[in-house]
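Trainee: Right, I'll just put the structure down here and ask away after.
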Amino acid sequence: MSHHYEALDRRPVLTPFFLLMVAIAAIGTIFLITRFVAGMGAVANLNGGYPWGVWVIYDIVVGTALACGGYALAVTVYVFNKGRYHPLIRPALLTSLLGYGFAGFGAFVDMGRYWNGYNIFLPWHMNTHAVMLEVGLCVAAYILVLFIEFSPTLLEWLRKQTGWQVRAEAWRKLLDKGLFFFIALGILLPTMHQSSLGSFLIAMGYKVHPLWQTLHLQPLLAVLSAFTMGFAIVIFEGSLVTTGFKRHPETHLFTGLGRIMMGLIAAFLAFRFGYLILMGKVGAMFAFDLGSVMFWIETALFAYPLYVLASPVMRENGKHLLYAAVSMILAGSLYRFDGALITYNPGPGYSYFPALPELIMTVATIATEIALYLFIVKTFPVLPREAHATA
Amino acid sequence: MDRRNFFKTSLGATVASAAALAAGGVQARPNLDPAPEAVGMLYDATLCVGCKACVSKCKEVNGMPPVPMGQDTHADFALDLSAKTRNVIKIHTEGKGAVKDAAADGFAFEKRSCMHCVDPGCVSVCPVSALTRHPMTGIVSYNKDACIGCRTCMTGCPYNVPQYDYDNPFGQIVKCEMCNQKGVERIDKGLMTGCAEACPTGATLFGSRGALLAEAKRRLALKPGETYAYPRGDVRKPDSFHEKAVPGYQKTVWGEKEAGGTNVMHLSAIPYDKLGMPPLGERSYASISEGVQSTLYSYLALPVVALGGLTWLVKRNTSGEKEGGAE
Ligand code: SF4
Ligand code: SF4
Ligand code: SF4
């Protein structure tokens, strides 16, 4: 509804920052072309022991968790019926759509035999035991669902374009009839594939460091971390938008999200520590090798938001909430990076450090997402209208 | 169901499924059993003289060029498995590296090629069934027309066997297919594997998994220093024998039980981890992973029920809103 959301269309799109993002994206495109012409080896340091590098681990494993804002808010608003968070939904859906869209794109770039990619949709090829099949199908479906969930924003814009009013209205009516079903799907699908991103690590067996190899607990820890990161991203993005566009802060809403986050972080830490202690892995925690050091850095990053959010004073403060969210984002990202890449060890003889072009391509992906985000919030009614945002 | 009850129920369901998973998976499956007519190889590192005849033969059989070293192109200098090499002989040295098969100051050879796992991780994780275990022979083969190049098989193989050709824009996975892939089909034709046929000492022996395991156990039961007539070629109908003193073997056959066992088994006089064998228990990671997946997804029952519940909730929680509220 147009009186709830507004496009920041009085602001210019072509700012110097925007152009910088576009420039980074352009450099990335050169390497992207190289990858398809000369093969992955020309731009990436992947090898026999490390078949997955920053592309898979950042773009998909971490990137989709960073795109869980739409998921986390959908659960809050539609499952727990907390309507007051409604104004945050559109920007969250937009980041989710961009994040997942680029995860899909990243998967395609990393897919060695992309021309066979459609095989995952053919029942006679499917291996239903494979976590990768679940992730592939589920992420593909969720990108579509996110697009449908976001489409009211596009239709609202379309309605204002001359000659489109009637059609936009009709499509909107049609959409309204089924939207609840897609919202439900939009809650189920991330629960499925986010847990699978944890299950991935089970089959990697001993290659995953004992502090991250939690076998049967992998799916639960992955979902919990995705959820928490989703809330953290909503707070982080909201704070940036507030500062960047000098808009009214939404602190009171973030405080509420912070309280939910607190419970989830506590649950995550309890399950993780409980499992590690039960499985007799305390020794590994205090080995003070790479794994144990990373483990404690992570734990500190998880604990800090818990500390901030437990304090009734700090969690009402926009600055502290932002710090807590950043810490949580780092914690969750590191949790996934550590297990799947940094402490991943396929055995002697193999090592991996990303090549420069490989890193640039990932940075270019992020730059493209930022550029698209800026363009979209300045064109389409995504952000909550000022007066209502603080109502 | 009011909100609070729903919250409790769903929290309860989460904890219950977590507990079920933690307790070993409701539908955990055991390791797979060996295929009924499993064929394989036995590599006895103490018999290997490092001649690499098997490496050359493997290249010849599979139509792959040798890996040169500088100007030297007449022999194969492959140091490890790669998209150009399905089989390699590696040398392990320790200290002075003077005595063969001694743990201290010794050296030992090690053959690396696909182990043809009984419960193969690569097959379990491949989303499009490009890797398959033959129902009768247990041979693990690859179909490049199905493969999407996601390289999950490389992460799921405990031995880092599948190799992707990163330097080719149209690359593929390369791994030993027991000389039985389309166009080679040595096993179907009644031949033995190329590497076993080429091996002059019988260090690489071909045969059925059962016969090879029996042969391996026979060797382990011998006293070090005794003379034993080692067979060459196919253990069930050896081409020849050669007599040699029995070394002090490690007391287990690698591949009898490790991660569900393998059809290509190894014997060694020095600890297997020194030869680069991974730290594996008896349970295959494939069985654990599949247990978790089927607990969560068998017949999609759980997701469908969840979707039903979610749809009901979302519809209820959006119906109060006016036109356009449900976004
Ligand atoms: S069985 Fe054939 S493909 Fe496999 S290592 Fe031996 S010769 Fe090479
Ligand atoms: S050794 Fe690796 S590639 Fe060979 S069957 Fe086992 S898991 Fe598959
Ligand atoms: S790279 Fe190919 S064979 Fe390996 S898991 Fe992916 S689709 Fe299967």
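The values are calculated or read from the model by the stated rules, or taken from the named source; none is laboratory data. Bear in mind the structure is a predicted one, so any value in this text is a computation, not a measurement. Neighbour counts run over all protein chains shown; Cβ positions are idealised from the backbone, glycine included. The protein model used for the area step is the full one, side chains on, heavy atoms only, and it has no ligands, DNA or RNA in it. Shrake-Rupley method; radii C 1.70, N 1.55, O 1.52, S 1.80 Å.
Trainee: For a quick check of your reading of the model, give me the residue pairs whose first member lies in the stretch A:173-186 and is farther than 18 Å from A:Leu137 by Cβ and more than 7 Å from chain B (Cβ to nearest Cβ), whose second is in a helix (DSSP H, G or I) and open to solvent by 80 Å² or more (accessible area, probe 1.4 Å), with beta-carbon atoms closer than 7 Å and at least 6 apart or on different chains.
Mentor: Hits for this filter: zero, empty list.
Trainee: Any residue that is within 13 Å of ligand 1 (Cβ to nearest atom) and on the phi > 0 side of the Ramachandran plot - is there at least one of those in the stretch B:154-174?
Mentor: There is no residue in the stretch B:154-174 that is within 13 Å of ligand 1 (Cβ to nearest atom) and on the phi > 0 side of the Ramachandran plot.
Trainee: What do you reckon, is A:Glu298 among the acidic types (Asp, Glu) and open to solvent by less than 10 Å² (accessible area, probe 1.4 Å)?
Mentor: Yes, satisfied.
Trainee: Tally up the residues in the stretch A:233-287 that are at pLDDT 90 or above, outside any helix (DSSP H, G or I) and among the aromatic types (Phe, Trp, Tyr), please.
Mentor: The total comes to 1.
Trainee: Please go through the stretch A:193-213 and pick out each residue that is over 13 Å from A:Pro346 (Cα atoms), at the interface with chain B (Cβ under 8 Å from one of its Cβ atoms) and modelled with pLDDT of 95 or more.
Mentor: A:Ile202
Trainee: Taking the condition under 27 Å from B:Ala286 (Cα atoms), crowded, with 18+ Cβ neighbours inside 10 Å and away from chain B (no Cβ under 14 Å), does A:Leu257 pass?
Mentor: In short, no.
Trainee: For the list (1) in contact (Cβ under 8 Å) with a residue 40 or more places away in the chain; (2) within 14 Å of chain A (Cβ to nearest Cβ); (3) open to solvent by 50 Å² or more (accessible area, probe 1.4 Å), I need the number of the one condition that B:Pro278 fails.
Mentor: Failing condition for B:Pro278: (3).
Trainee: Now for a separate question. I want to confirm something. Restricting to the stretch B:51-74 and keeping residues that are exposed (fewer than 13 other Cβ atoms within 10 Å of the Cβ) and in a loop (DSSP other than H, G, I, E, B), which single residue is nearest to ligand 3 (Cβ to nearest atom)?
Mentor: Checking each candidate, the answer is B:Gly63.
Trainee: Looking only at the stretch B:144-184, count every residue that is of a type outside the set (A, V, I, L, M), within 20 Å of the chain's Cα centre (by Cα) and either open to solvent by 20 Å² or more (accessible area, probe 1.4 Å) or within 16 Å of ligand 3 (Cβ to nearest atom) (or both) and tell me the total.
Mentor: 23
Trainee: So, one more: Tell me yes or no: at least one residue of the stretch A:52-71 is more than 22 Å from the chain's Cα centre (by Cα) and assigned to a loop (DSSP other than H, G, I, E, B).
Mentor: no
Trainee: Among the residues of the stretch B:145-203, count how many are away from ligand 2 (no atom under 16 Å from the Cβ) and basic (Lys, Arg).
Mentor: Residues that pass the stated criteria total 3.
Trainee: Could you tell me whether any residue of the stretch A:43-51 is within 14 Å of chain B (Cβ to nearest Cβ) and either free of Cβ contacts under 8 Å to residues at least 24 places away in the same chain or part of a helix (DSSP H, G or I) (or both)?
Mentor: Taking every residue of the stretch A:43-51 in turn, at least one turns out to be within 14 Å of chain B (Cβ to nearest Cβ) and either free of Cβ contacts under 8 Å to residues at least 24 places away in the same chain or part of a helix (DSSP H, G or I) (or both).
Trainee: Continuing with this model, one more query. So if I check each of B:Ala245, B:Ala221, B:Ala198, which one is within 16 Å of ligand 1 (Cβ to nearest atom) and of a type outside the set (Val, Ile, Thr)?
Mentor: Result: B:Ala198 is the single residue among B:Ala245, B:Ala221, B:Ala198 that is within 16 Å of ligand 1 (Cβ to nearest atom) and of a type outside the set (Val, Ile, Thr).
Each row is one residue, and each column tells you yes or no for (1) open to solvent by less than 20 Å² (accessible area, probe 1.4 Å); (2) within 16 Å of ligand 1 (Cβ to nearest atom); (3) more than 9 Å from chain B (Cβ to nearest Cβ); (4) more than 30 Å from A:Gly53 (Cβ to Cβ).
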site: A:Asn81; (1), (2), (3), (4): no, no, no, yes
site: A:Leu93; (1), (2), (3), (4): yes, no, no, no
site: A:Ser96; (1), (2), (3), (4): yes, no, yes, no
site: A:Tyr100; (1), (2), (3), (4): yes, no, yes, no
site: A:Tyr114; (1), (2), (3), (4): no, no, no, no
site: A:Asn119; (1), (2), (3), (4): yes, no, no, no
site: A:Met126; (1), (2), (3), (4): no, no, no, no
site: A:Ala130; (1), (2), (3), (4): yes, no, no, no
site: A:Ser151; (1), (2), (3), (4): yes, no, no, yes
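Trainee: Which of the residues spanning the stretch B:119-164 are facing chain A (nearest Cβ under 8 Å), touching a residue at least 40 places away in the same chain (Cβ under 8 Å) and not hydrophobic (A, V, I, L, M, F, W, C)?
Mentor: Those that are facing chain A (nearest Cβ under 8 Å), touching a residue at least 40 places away in the same chain (Cβ under 8 Å) and not hydrophobic (A, V, I, L, M, F, W, C): B:Gly121, B:Ser124, B:Gly156, B:Pro158, B:Asn160, B:Gln163, B:Tyr164.
Trainee: Every residue in the stretch B:196-230 that is basic (Lys, Arg) and open to solvent by 10 Å² or more (accessible area, probe 1.4 Å), please.
Mentor: B:Arg209, B:Lys217, B:Arg218, B:Lys223, listed by residue number.
Trainee: Kindly indicate which of B:Leu21, B:Leu32 is at pLDDT 95 or above, more than 12 Å from ligand 1 (Cβ to nearest atom) and either within 14 Å of chain A (Cβ to nearest Cβ) or open to solvent by less than 10 Å² (accessible area, probe 1.4 Å) (or both).
Mentor: That would be B:Leu32, the only listed residue that is at pLDDT 95 or above, more than 12 Å from ligand 1 (Cβ to nearest atom) and either within 14 Å of chain A (Cβ to nearest Cβ) or open to solvent by less than 10 Å² (accessible area, probe 1.4 Å) (or both).
Trainee: Of the conditions (1) over 22 Å from B:Met136 (Cα atoms); (2) more than 15 Å from ligand 1 (Cβ to nearest atom); (3) assigned to a loop (DSSP other than H, G, I, E, B); (4) away from every other protein chain (no Cβ under 14 Å), B:Arg236 fails just one. Which one is it?
Mentor: All conditions are met except number (1).
Trainee: Just name the residue that is farthest from ligand 2 (Cβ to nearest atom) out of those in the stretch B:86-118 that are within 12 Å of chain A (Cβ to nearest Cβ), farther than 18 Å from B:Glu256 by Cα and in contact (Cβ under 8 Å) with a residue 40 or more places away in the chain.
Mentor: Filtering first and then ranking leaves B:His92.
Let's see how each residue does on (1) under 21 Å from B:His116 (Cα atoms); (2) in contact with a helix residue (DSSP H, G or I) (Cβ under 7 Å, 6 or more places away or on another chain); (3) at pLDDT 95 or above:
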{"residue": "B:Gly261", "(1), (2), (3)": "yes, no, yes"}
{"residue": "B:Ala269", "(1), (2), (3)": "no, no, yes"}
{"residue": "B:Pro279", "(1), (2), (3)": "yes, yes, yes"}
{"residue": "B:Gly291", "(1), (2), (3)": "no, no, no"}
{"residue": "B:Leu296", "(1), (2), (3)": "no, yes, no"}
{"residue": "B:Val304", "(1), (2), (3)": "no, no, no"}
{"residue": "B:Trp312", "(1), (2), (3)": "no, no, no"}
{"residue": "B:Lys315", "(1), (2), (3)": "no, yes, no"}
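Trainee: Next up: Kindly provide the set of residues from the stretch B:78-132 that are touching a Pro at 6+ places or on another chain (Cβ under 8 Å) and more than 16 Å from ligand 3 (Cβ to nearest atom), ordered by number.
Mentor: Once the filter is applied, which keeps residues that are touching a Pro at 6+ places or on another chain (Cβ under 8 Å) and more than 16 Å from ligand 3 (Cβ to nearest atom), the stretch B:78-132 yields B:Ala78, B:Lys84, B:Asp101, B:Ala103, B:Val118.
Trainee: Separate question: Pairs under 9 Å by beta carbon, first residue crowded, with 16+ Cβ neighbours inside 10 Å in the stretch B:244-266, partner among the basic types (Lys, Arg) and assigned to a loop (DSSP other than H, G, I, E, B), six or more apart or different chains?
Mentor: B:Val246/B:Lys223; B:Ala259/B:Arg283; B:Gly260/B:Arg283
Trainee: Quick one: which helices (runs of 4 or more DSSP H) lie wholly within the stretch A:317-391 and hold at least 3 residues that are touching a helix residue (DSSP H, G or I) at 6+ places or on another chain (Cβ under 8 Å)?
Mentor: Ranges flagged: A:318-337, A:356-379.
Trainee: Take the stretch B:113-143 and flag every residue that is hydroxyl-bearing (Ser, Thr, Tyr) and crowded, with 24+ Cβ neighbours inside 10 Å.
Mentor: B:Ser113, B:Ser124
Trainee: Step by step: first the residues of the stretch B:250-297, then only those that are within 17 Å of the chain's Cα centre (by Cα) and of a type in the set (Phe, Trp, Tyr), then the one that is farthest from B:Ala211 (Cα to Cα). Which residue is that?
Mentor: B:Tyr285
Trainee: Sticking with this structure for a sec: Could you say which residue among A:Leu32, A:Leu19, A:Leu8 is away from every other protein chain (no Cβ under 11 Å), part of a helix (DSSP H, G or I) and either closer than 20 Å to A:Tyr114 by Cβ or at pLDDT below 95 (or both)?
Mentor: Going through A:Leu32, A:Leu19, A:Leu8 in turn, just one is away from every other protein chain (no Cβ under 11 Å), part of a helix (DSSP H, G or I) and either closer than 20 Å to A:Tyr114 by Cβ or at pLDDT below 95 (or both): A:Leu32.
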